[in-house]
1. Go through the residues of segment 68-89 one by one and say whether even a single one is open to solvent by 70 Å² or more (accessible area, probe 1.4 Å), of a type outside the set (A, V, I, L, M) and under 24 Å from Val24 (Cα atoms).
2. For segment 113-147, give me each residue that is open to solvent by 60 Å² or more (accessible area, probe 1.4 Å) and in contact with a Lys or Arg (Cβ under 8 Å, 6 or more places away or on another chain).
3. Would you check which residues across segment 13-36 are in contact (Cβ under 8 Å) with a residue 40 or more places away in the chain and outside any loop (DSSP other than H, G, I, E, B) and list them?
4. Return a yes/no flag: does segment 44-62 have any residue that is hydroxyl-bearing (Ser, Thr, Tyr) and in a strand (DSSP E or B).
5. Just to be sure before I move on: is Lys39 outside any loop (DSSP other than H, G, I, E, B) and crowded, with 18+ Cβ neighbours inside 10 Å in the structure I sent?
6. Give Ser128, Ser137, Ser93 a once-over and let me know the one that is at pLDDT 95 or above, of a type in the set (Ser, Thr, Tyr) and farther than 21 Å from Ala18 by Cβ.
Amino acid sequence: MKTDIDYMKLAINEAKKAQRRDEVPVGAIIVRGEEIVSKAYNTREYGKNALYHAEIKAIDKACKRLGGWRLVGCTMYVTLEPCPMCAGAIVNSRIERVVYGAPDHKAGAFGTMINLCDYPLYKPQITSGILAEECASLLTSFFKQKR
C-alpha cells in the first residue's frame, strides 16, 4: 500500500517535468483508492494560458477519465499549496482530500493566506507539509536560476 510520501514523490516527478520546460515546477496527481487517475504539471508559459496550473489540468483529466465532474473518493497530491483558483476548483469538484508539500506564502488558499475550507459548500480534508523541503527547494532553485 502506497503512502502519502510515495504519492508526493510522483507529484514531484511531475513538477520536475515542468521545470525541464522552464515552467514553475508544480506537479499534481489525483488518486482514487490506489489508482492514479491523472497526473499534470504547470504549462502556463508553454500553453500561454493562465488556467494551466497543475491542479486544474489534473482535475480536467480526472473528470474526463472518470466520466463526471464529481471527484468523490479522490485525493489530490500537489507540490505547492493551491492558489484561490485551484482551491476553488478542488472544492467544486468534490475532491475529498488534498495533500500538499510546500506552503504558498503569497497565494496559498488552504490556510496560509486564506482558507477556502471555510467555504460552507464542501470542505476537503487538508494534509500539509509532506516532503515540504523537497517541494520548496524545487521552487527556490527555479526562481534563483531565473534571477
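1. Checked segment 68-89: no residue is open to solvent by 70 Å² or more (accessible area, probe 1.4 Å), of a type outside the set (A, V, I, L, M) and under 24 Å from Val24 (Cα atoms).
2. Met113, Gln125
3. Glu14, Ala15, Lys16, Gln19, Gly27, Ala28, Ile29, Ile30, Val31, Arg32, listed by residue number.
4. First, pick out the residues of segment 44-62 that are hydroxyl-bearing (Ser, Thr, Tyr): 46, 52.
Add one more test, that the residue is in a strand (DSSP E or B), and what stays is none.
No, every residue in segment 44-62 fails to be hydroxyl-bearing (Ser, Thr, Tyr) and in a strand (DSSP E or B).
5. On the way: outside any loop (DSSP other than H, G, I, E, B): yes; crowded, with 18+ Cβ neighbours inside 10 Å: yes.
Spelling it out, Lys39 is indeed outside any loop (DSSP other than H, G, I, E, B) and crowded, with 18+ Cβ neighbours inside 10 Å.
6. Details: Ser128 fails: farther than 21 Å from Ala18 by Cβ; Ser137 fails: farther than 21 Å from Ala18 by Cβ.
Testing whether each residue is at pLDDT 95 or above, of a type in the set (Ser, Thr, Tyr) and farther than 21 Å from Ala18 by Cβ leaves just Ser93.
The values are calculated or read from the model by the stated rules, or taken from the named source; none is laboratory data. Everything numeric in this text was worked out from a predicted model, so none of it was measured. Don't worry about glycine lacking a Cβ; one is built from the backbone with ideal geometry, like all the others, and counts go over all protein chains shown. Keep in mind that these areas ignore ligands, DNA and RNA; they rest on the heavy atoms of the full protein, side chains included. Shrake-Rupley method; radii C 1.70, N 1.55, O 1.52, S 1.80 Å.
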